[in-house]
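Colleague: I am attaching a structure below and will ask some questions about it afterwards.
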Amino acid sequence: MNLTSVVLAVALAPFVAGHQIPLTSTDEKPPTWRSKYGPQRDQPFSGPLSFAHLPYARCLENEDTAFDIAILGMPFDTGVTFRPGARFGPYAIRSGSRRQRETGGYTIAWGSSPYTQGVKILDCGDIPVTPFDNAIAVDQMEVAYSTLLYRTPFGGFGERDITRGLSNDGLEHPRVISLGGDHTIVLPILRSLHKAYGPISVIHFDAHLDTWKPDTRYPDQTTEQSRVTHGTFFYLAQEEGLISNQSIHAGIRCKLEGLSDLQNDREVGFHLITTDDIDDLGIPEVVRRIRDRVGKTPVYLSLDIDVIDPGLAPATGTPEPGGWTTRELKRIIRGLAGLNFIGADIVEVAPAYDHADITGIAAADFVADFLSLLLAEKPPGHSPGGKFLEEL
Ligand SMILES: [Mn+2]
């Protein structure tokens with residue numbers, strides 16, 4: 001040992017020995033979070049972002065993950081005709097859901113909570129759709145949807161599975177609630193659902209028809225891919241034989257080329273309820289007409305947030321003044337319980353145009369209603385909107 005080594009050894013000795021000295025004079029470590037405050041239970045404003053703080057799983061990647069209802073983000077917005085931005089819809093809807101959680105999901109309106117009925121509800125994340133090639137993106141959405149649709153259900157629906165026996169293939173399928181994305185996402189969804197269920201009746205809440213003929217507006221610019229937009233997908237769905245002739249729109253108020261649009265809409269297979277009809281008919285009659293139209297067929301529910309008045313849901317690509325209130329549509333949705341719903345979506349939430357998260361919060365509230373809707377066997381009779389429905 002030379003002189004330098006001796007000097008170093010002497011100088012470092014207190015530090016080397018130091019790790020053996022107790023941290024505190026009482027020999028106690030500070031308390032852990034768990035010992036003092038218990039579980040790391042998220043606040044409404046804390047924690048990772050999943051819908052209503054539900055368990056989050058990468059269901060496309062982990063093929064063993066079972067569920068009864070999946071929440072699936074479809075951040076596709078390259079099929080729009082006006083303002084883009086709905087690719088951020090899944091983020092905004094999840095963010096708008098943060099005051100929701102599994103505990104505390106009971107509402108007077110439904111008389112139940114969707115989270116306490118033994119059904120496994122998972123946030124399955126987002127489909128990583130390409131923003132560069134719509135043909136690939138549409139295929140990705142169909143493949144992803146089918147990946148979830150053909151997953152063996154967790155089994156929580158049990159005997160309450162009202163769509164049991166409706167499928168073409170003899171299989172039981174879980175339900176998927178899709179968060180758009182622009183409305184184009186419904187085309188790959190219907191392609192996937194049609195393979196399992198055959199022709200599907202659609203209940204479509206929207207300010208717009210979305211049945212426009214693809215080749216009419218820009219006839220000199222039409223390609224196979226340019227036909228697929230958020231305003232033509234129902235026409236294409238009819239062309240491909242995906243939908244029944246028992247579909248219905250509700251909340252329509254957009255401007256049209258003329259009566260030919262309505263004639264075309266009929267031919268695609270839709271009846272319609274206009275926005276103003278709610279004043280003349282009242283909610284019970286609106287509900288009755290929708291129920292009568294789809295009957296006992298397999299039903300898909302598609303809700304474009306622009307059906308709501310832009311004052312109550314401004315964050316959307318093609319806003320139309322004079323829409324329904326959130327309260328009115330929530331009552332109509334409750335009146336539809338017990339139909340054979342095989343899936344649902346909410347689309348066209350584009351949060352760049354939002355104010356104070358009003359649209360994202362409204363959209364998240366509709367998703368909570370969808371969950372209850374998929375579980376209820378009939379409209380909640382004791383809710384304010386329910387009594388008249390006892391007679392249905
Ligand atoms: Mn619309």
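The values are calculated or read from the model by the stated rules, or taken from the named source; none is laboratory data. For clarity, every value in this text was computed on a predicted model and none was experimentally measured. Cβ coordinates were reconstructed from backbone atoms using ideal geometry, including for glycine residues, and neighbour counts include every protein chain displayed. In case anyone asks, the SASA skips ligands and DNA or RNA and just uses the protein heavy atoms, side chains included. Shrake-Rupley method; radii C 1.70, N 1.55, O 1.52, S 1.80 Å.
Colleague: Thr184 - would you say it is within 16 Å of the ligand (Cβ to nearest atom) and in contact with a helix residue (DSSP H, G or I) (Cβ under 6 Å, 6 or more places away or on another chain)? Outline the logic, then answer.
Modeller: Details: within 16 Å of the ligand (Cβ to nearest atom): yes; in contact with a helix residue (DSSP H, G or I) (Cβ under 6 Å, 6 or more places away or on another chain): yes.
Criteria met by Thr184.
Colleague: So which residues in segment 225-253 are in contact (Cβ under 8 Å) with a residue 24 or more places away in the chain and surrounded by fewer than 16 Cβ atoms within 10 Å (Cβ to Cβ)?
Modeller: Selection gives Gln225, Glu240, Gly241, Asn245.
Colleague: Are any residues in segment 254-268 under 24 Å from Leu193 (Cα atoms) and surrounded by fewer than 16 Cβ atoms within 10 Å (Cβ to Cβ), and if so, which ones?
Modeller: Scanning segment 254-268 gives Arg266, Glu267.
Colleague: Looking only at segment 231-256, count every residue that is within 16 Å of the ligand (Cβ to nearest atom) and part of a loop (DSSP other than H, G, I, E, B) and tell me the total.
Modeller: Going through segment 231-256 one residue at a time, the tally reaches 6.
Colleague: With His53, His19 as the choices, which residue is modelled with pLDDT of 95 or more, out of contact with any helix residue (DSSP H, G or I) (no Cβ under 8 Å at 6 or more places or on another chain) and more than 30 Å from Asn134 (Cβ to Cβ)? First the steps, then the outcome.
Modeller: Details: His19 fails: modelled with pLDDT of 95 or more.
Only one candidate qualifies: His53.
Colleague: Also, quick follow-up: Does segment 29-38 include one or more residues that are more than 30 Å from Phe233 (Cα to Cα), exposed (fewer than 15 other Cβ atoms within 10 Å of the Cβ), among the hydrophobic types (A, V, I, L, M, F, W, C) and modelled with pLDDT of 95 or more?
Modeller: Kept after step one, since they are more than 30 Å from Phe233 (Cα to Cα), are these residues of segment 29-38: 29-38.
Checking the rest, the ones that are also exposed (fewer than 15 other Cβ atoms within 10 Å of the Cβ) come to 29-38.
Narrowing further to those that are among the hydrophobic types (A, V, I, L, M, F, W, C): 33.
Pick out the ones that are also modelled with pLDDT of 95 or more and you get 33.
Yes; the residues of segment 29-38 include at least one that is more than 30 Å from Phe233 (Cα to Cα), exposed (fewer than 15 other Cβ atoms within 10 Å of the Cβ), among the hydrophobic types (A, V, I, L, M, F, W, C) and modelled with pLDDT of 95 or more.
Colleague: Considering each of Gly170, Gly118, Gly155 in turn, give the residue that is more than 16 Å from the ligand (Cβ to nearest atom), more than 27 Å from Thr316 (Cα to Cα) and touching a helix residue (DSSP H, G or I) at 6+ places or on another chain (Cβ under 8 Å).
Modeller: After applying the criteria, what remains is Gly118.
Colleague: Here's a follow-up. Go through segment 337-383 and give me each residue that's in a helix (DSSP H, G or I), open to solvent by less than 20 Å² (accessible area, probe 1.4 Å) and more than 30 Å from Tyr150 (Cβ to Cβ).
Modeller: Thr359, Gly360, Ala362
Colleague: Do we find a residue being crowded, with 19+ Cβ neighbours inside 10 Å and touching a residue at least 40 places away in the same chain (Cβ under 8 Å) anywhere in segment 152-161?
Modeller: Taking every residue of segment 152-161 in turn, at least one turns out to be crowded, with 19+ Cβ neighbours inside 10 Å and touching a residue at least 40 places away in the same chain (Cβ under 8 Å).
Colleague: Got at least one residue in segment 269-285 being buried (at least 23 other Cβ atoms within 10 Å of the Cβ), within 16 Å of the ligand (Cβ to nearest atom) and either part of a loop (DSSP other than H, G, I, E, B) or of a type in the set (A, V, I, L, M, F, W, C) (or both)? Give the derivation first.
Modeller: We begin by selecting, within segment 269-285, every residue buried (at least 23 other Cβ atoms within 10 Å of the Cβ); these are 270.
Applying the additional criterion that residues be within 16 Å of the ligand (Cβ to nearest atom) yields 270.
Still in the list and also either part of a loop (DSSP other than H, G, I, E, B) or of a type in the set (A, V, I, L, M, F, W, C) (or both): 270.
Scanning segment 269-285, I find at least one residue that is buried (at least 23 other Cβ atoms within 10 Å of the Cβ), within 16 Å of the ligand (Cβ to nearest atom) and either part of a loop (DSSP other than H, G, I, E, B) or of a type in the set (A, V, I, L, M, F, W, C) (or both), so the answer is yes.
Colleague: Where residues in segment 296-331 are of a type in the set (Gly, Ala, Ser), within 14 Å of the ligand (Cβ to nearest atom) and part of a loop (DSSP other than H, G, I, E, B), which of them is farthest from the chain's Cα centre (by Cα)?
Modeller: Step one: list which residues in segment 296-331 are of a type in the set (Gly, Ala, Ser), which gives 302, 311, 313, 315, 317, 322-323.
From what is left, the residues that are within 14 Å of the ligand (Cβ to nearest atom) are 302, 313, 315, 317, 322-323.
With part of a loop (DSSP other than H, G, I, E, B) added as a condition, the list becomes 313, 315, 317, 322-323.
On the way: Ala313: 16, Ala315: 16, Gly317: 17, Gly322: 24, Gly323: 21 Å.
Looking at the filtered set, the residue picked out is Gly322.
Colleague: All but one of (1) over 16 Å from Asp345 (Cα atoms); (2) in contact with a helix residue (DSSP H, G or I) (Cβ under 7 Å, 6 or more places away or on another chain) hold for Pro44; which doesn't?
Modeller: Unmet for Pro44, out of (1) over 16 Å from Asp345 (Cα atoms); (2) in contact with a helix residue (DSSP H, G or I) (Cβ under 7 Å, 6 or more places away or on another chain): (2).
Colleague: Mind checking whether some residue in segment 216-230 is over 18 Å from Ala344 (Cβ atoms), within 16 Å of the ligand (Cβ to nearest atom) and in a helix (DSSP H, G or I)?
Modeller: no
Colleague: Looking at (1) assigned to a loop (DSSP other than H, G, I, E, B); (2) touching a residue at least 24 places away in the same chain (Cβ under 8 Å), which is the one condition that is false for Glu172?
Modeller: Condition not satisfied by Glu172: (2).
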